[in-house]
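Notes follow once the structure below has been shown.
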Amino acid sequence: MSKQEKHISTRSYLIYFLMLFGALLVLVRVIYIFLIPGPELRELAEKNAYRTREVSGIRGNILSADGELIATSVPVFTLRWDYHVLEARIAGGVLDTMATGLADALNGTKSHYLKELKKAIRTENRYYLIEKEASYEMIKRLKTRAVFNEGRYKSGLITETHTQRQYPYQELAFRTIGLDREGTDNDVGIEGAYSGFLAGEKVSRLEKRISAGMFKPVEMNENVEPKNGYDIVTTLNMLYQDVLENALKKHLMEQRAIEGCAVLMEVNTGNILAIANLSTKTGPLTESYNVALGSSMEPGSTFKLATVLALLEDKKATIADTVKIKDGVKYYYNQRMIDSHIHKGEFVYSLETAFEESSNAAISWFAQKYYGDKPQQYINTLKKFNLAQMQGVEIPGEPSPFIKDKSHKQWSGVSLPWMSIGYELMLTPLQVLGFYNAVANDGVYVKPKFVTEIREGNIVHYKAETEILNNRIAGSEAIADAQYLLEEVVNEGTGRLAFRNSPYNVAGKTGTAQIHSGNEGYGARQYNASFVGYFPAENPKYSCIVVVNRPGAGKYYASSVAVPVFKEIADRVYASDISIHSKDTDTIVKYSAYQYGYLEDLKEILRTMGYRAAKSGTEWASMTIDTEMNTNINESIPPEGRVPNLKGLGLRDAIYMAESAGMSVRANGKGKVIQQQPEPGSQITTNRISVTLQ
């Protein structure tokens, strides 16, 4: 080998060994880095990692029937700051300028925000929280201030948007509207029932870790924007809702009641126009639980309508059938059935008067007489009325009705008579209202509903039609008799005092039910007072139920506790809905040339009109006006033993005249008497005159 070759070989070996040595150094360094500072370096790498997070669109609105917002999501902004963006400008006084802008836009102090900015730098926090909840107006103002008007990448301002659920009407229908418990599946009311539509669709968003477990979003692609939720249009009328809530609250406070509810429903559609639920169980009266929808209770006397309708539908009895009740008591297997108002002595009740006066003894007697040997027939007829079925309303929480069969383990010999007056069975107020609404609707049982539409802007994706649960709960004759009886309760029975001078007619039933209290049974003397009915009675548009639970101010009868709430609600609804006003109030009245009535009233009318009234020595007189407009007043004394002539009289005078002859009046309509039965002048053979007013 030549000397030159040896030299090249030596140099090659030297290079080889140098490269080998370098490789060994690299290997040693790698091992060192892995073993010694490795955890710190891995932590640093983790800090710069990315993550994906699910992001939701804006939750949809809940609207009233006329489009008012009753639940909405308002955008709220969280402001954070990445100091690293402005690190080169910090020494130039930029912090002072930024603090001034923040104070001006966010309604804070300059010193506060200057302190926060310096803290972000000191702690090296590139995702420092400046403001947790800022409004859109604040953000707009801030972006016009120095530094912040340069944009995100020059100011370091990070703006994150989220939504906050707000309820403009606050407590009104709060339990029915419900609650959006963000991040959970425990939404209640409409919020819960329609959460899948309201929530919209989620997308995955890419975020970059920047400091101490903090992330900031990476710019999103327009194709992966979250989809906002649908809007829900409810049946609620917020004017009526305010009426219900205030009327119920006022009377619950006056009666020192534990809780109560009121529901207003549209007869033909089943739309729940207003629903109020107030309770003191968690403190002052608040909407803490949906009593109307979710509380099962023994309905008491309001259930007597079902018993009477069953008797009529099964053709067991007519409203004229009678029973003798002594001292307001009947006994069943040594258990006493007693009327709430005991009449000493023996009284004859027809099925009609038993219902009007809400006689427990008489109603239970009719049920026991005609169903005592076949009680299952009675139960089956109740089921035919949809009383044993859930209504299936959209809002969760409805319990199943409890109408027990004869085969039930708790059935006893006294079950039938006690069920007939609303005990030993359980219904919610809404289930009771649904039944009464079916009677008002000529036997058609419509499903109560809270929502009419699901929409996206102006596009309607779903429209809820009226759903009929039962095309006819009973025959037309039985329904007509039931409607008549409900009107008579208000005209002649337990509801007569409240609606005496009402400009509209009401049909309904009172109910005062003792509450079973554990070991004390019914001995604790606690009550549920209720009234359920509909108006106007001759052409029903609205049905309503009021329940007052455990009144503690001394009164507990429904006529004193629940009826006044119903009347206040009905008065306000009637005043606001001109479509249910009688046509007579909107037309010019044509006065007849003939008038008959109380003399002093006739004289006052004549004096007001500028006529002279002739003297007469009788209380009752007839007045005629001849063709020359001369007035003549003649004595008019009803013949003894004959039916008086009530035609042309107002109701007050008609009642007075009839009572003077020893008779009572059953009236239908309003205005003046245009028809009467028996006819005037006929021999008195009954103690009641039926009149039609117009």
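The values are calculated or read from the model by the stated rules, or taken from the named source; none is laboratory data. Because the structure is predicted, anything quoted here is derived from the model rather than measured. Please note: Cβ atoms are built from the backbone with ideal geometry, for glycine as well, and neighbour counts cover all protein chains shown.
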Legend entry - Matching residues, region 416-435, being in contact with a Leu (Cβ under 9 Å, 6 or more places away or on another chain) and small (Gly, Ala, Ser): Gly434
Inset, instruction - Report yes if some residue within region 120-141 is closer than 30 Å to Thr452 by Cα and surrounded by 14 or more Cβ atoms within 10 Å (Cβ to Cβ); otherwise report no. - result: no
Legend entry - Selection from region 119-171 of residues that are of a type in the set (Lys, Arg) and in a helix (DSSP H, G or I): Lys119, Arg122, Lys140, Arg141, Arg152, Lys154
Inset, instruction - Could you list, in sequence order, all residues of region 357-378 that are more than 33 Å from the chain's Cα centre (by Cα) and either surrounded by 21 or more Cβ atoms within 10 Å (Cβ to Cβ) or under 16 Å from Ile421 (Cα atoms) (or both)? - result: Ala361, Ala362, Ser364, Trp365, Phe366, Ala367, Gln368, Lys369, Tyr370, Tyr371, Gly372, Pro375
Legend entry - Residue in region 193-203 that is surrounded by 13 or more Cβ atoms within 10 Å (Cβ to Cβ), in contact with a strand residue (DSSP E or B) (Cβ under 9 Å, 6 or more places away or on another chain), in contact (Cβ under 8 Å) with a residue 12 or more places away in the chain and part of a strand (DSSP E or B) present: yes
Inset, instruction - Select the helices (runs of 4 or more DSSP H) contained entirely in region 466-579, then report the ones holding at least 3 residues which are under 18 Å from Asn668 (Cβ atoms). - result: 476-491
Inset, instruction - Could you tell me whether region 277-286 includes any residue that is without any contact (Cβ under 8 Å) to a residue 40 or more places away in the chain, assigned by TED's automatic domain parsing to the domain that holds Tyr574 and touching a Phe, Trp or Tyr at 6+ places or on another chain (Cβ under 6 Å)? - result: yes
Legend entry - Residue that is surrounded by the most Cβ atoms within 10 Å (Cβ to Cβ), among those in region 337-356 that are within 38 Å of the chain's Cα centre (by Cα) and modelled with pLDDT under 80: Ser340
Legend entry - Near pairs, Cβ below 6 angstrom, 6+ apart or cross-chain, from region 534-553 (in contact (Cβ under 8 Å) with a residue 40 or more places away in the chain and closer than 15 Å to Lys249 by Cα) to any residue that is in a loop (DSSP other than H, G, I, E, B) and β-branched (Val, Ile, Thr): Asn549/Ile258; Arg550/Ile258
Inset, instruction - Take Thr322 and decide whether it is surrounded by fewer than 24 Cβ atoms within 10 Å (Cβ to Cβ), of a type in the set (Ser, Thr, Tyr) and either farther than 13 Å from Ile421 by Cα or touching a residue at least 40 places away in the same chain (Cβ under 8 Å) (or both). - result: yes
Inset, instruction - Taking the residues in region 222-279 that are closer than 23 Å to Ser73 by Cβ, surrounded by fewer than 24 Cβ atoms within 10 Å (Cβ to Cβ) and aliphatic (A, V, I, L, M) as candidates, determine which candidate is modelled with the lowest pLDDT. - result: Val224
Legend entry - Single unsatisfied condition, Ser301 versus (1) crowded, with 18+ Cβ neighbours inside 10 Å; (2) touching a Phe, Trp or Tyr at 6+ places or on another chain (Cβ under 9 Å): (2)
Inset, instruction - Look at Arg165 and say whether it is touching an Asp or Glu at 6+ places or on another chain (Cβ under 7 Å), under 30 Å from Met265 (Cβ atoms) and not hydrophobic (A, V, I, L, M, F, W, C). - result: yes
Inset, instruction - From Asp584, Asp577, grab the single residue that is modelled with pLDDT under 90 and farther than 20 Å from Gly495 by Cβ. - result: Asp584
Legend entry - Filter pass, Ser301 being part of a loop (DSSP other than H, G, I, E, B) and within 19 Å of Gly495 (Cα to Cα): no
Inset, instruction - Return a yes/no flag: does region 513-528 have any residue that is farther than 30 Å from Leu198 by Cα and at pLDDT 95 or above. - result: no
Inset, instruction - Those residues that are touching a helix residue (DSSP H, G or I) at 6+ places or on another chain (Cβ under 9 Å) and surrounded by 17 or more Cβ atoms within 10 Å (Cβ to Cβ), I need them from region 442-469; list them, please. - result: Gly443, Val444, Tyr445, Val446, Lys447, Pro448, Phe450, Val451, Ile454, Leu469
Inset, instruction - Note down all Cβ pairs under 6 Å where the first residue falls in region 59-78 and is buried (at least 17 other Cβ atoms within 10 Å of the Cβ), the second is among the basic types (Lys, Arg) and in a strand (DSSP E or B), and they're at least six residues apart or on different chains. - result: Ser73/Arg165
Legend entry - Selection status of Thr381, over 16 Å from Tyr423 (Cβ atoms) and of a type in the set (S, T, N, Q): yes
